[in-house]
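The values are calculated or read from the model by the stated rules, or taken from the named source; none is laboratory data. This structure is a prediction, so every number in the text was calculated from the model and none was measured. Glycine also receives a Cβ, built like all others from the backbone with ideal geometry; neighbour counts cover every protein chain displayed. These accessible areas exclude ligands, DNA and RNA; they are computed on the full protein's heavy atoms, side chains included. Shrake-Rupley method; radii C 1.70, N 1.55, O 1.52, S 1.80 Å.
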Amino acid sequence: VVLAAVSTFGTALKFAHPRLRADKEVVLAAVRQDGMAIEFSSDELKADPLVISECNWERIKSVLQYADESAKDDYDHVMNVIKNDGRELQYVSKRLQKNQEVVFAAVAQNGAALEFASKELQDNRNIVLKAVESHGLSLRYA
């Protein structure tokens with residue numbers, strides 16, 4: 001019953017028993033329907049690379065906002081998310097906000113992500129140029 005419910009209305013996961021919010025099959029069905037359902041999954045599944053990658057981007061505001069701290073500091077997870085939405089940079093670990101490759105990928109996708117880069121990278125010529133190329137007004141964060 002729960003699987004059918006979350007397959008139709010992903011955020012119904014909110015009302016599921018905690019055991020079901022930790023069930024990978026149930027959570028995958030929920031996030032595939034509505035990526036925001038990740039908010040209601042177990043902490044372990046919030047850090048699961050498959051769960052993060054399967055989130056439905058059409059209905060999601062943020063994957064990393066609700067992700068486990070370890071996922072916010074995992075280079076591969078972050079790069080996968082950043083390539084779809086550069087503004088997710090605001091939710092990544094401070095360490096990765098200082099990583100030139102992560103920040104470059106973020107501003108390439110959305111120049112406004114420059115706002116969330118470390119101060120050092122906001123002064124990096126190549127990153128600022130890429131950000132401005134993508135979103136002219138991002139110059140205000142340099």
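Just one residue in the set S41, S62, S70, S93 is buried (at least 23 other Cβ atoms within 10 Å of the Cβ) and polar (S, T, N, Q); that residue is S41.
Just to verify a result, which residue in segment 1-38, among those that are open to solvent by 30 Å² or more (accessible area, probe 1.4 Å) and under 21 Å from D76 (Cβ atoms), is farthest from the chain's Cα centre (by Cα)? Among those that are open to solvent by 30 Å² or more (accessible area, probe 1.4 Å) and under 21 Å from D76 (Cβ atoms), it is K24. You will find that of S93, S53, S70, S41, the residue that is under 29 Å from F9 (Cβ atoms) and within 12 Å of the chain's Cα centre (by Cα) is S53 and no other.
Residues in segment 98-118 that are over 15 Å from K130 (Cβ atoms) and either open to solvent by less than 10 Å² (accessible area, probe 1.4 Å) or touching a helix residue (DSSP H, G or I) at 6+ places or on another chain (Cβ under 6 Å) (or both): S118 only.
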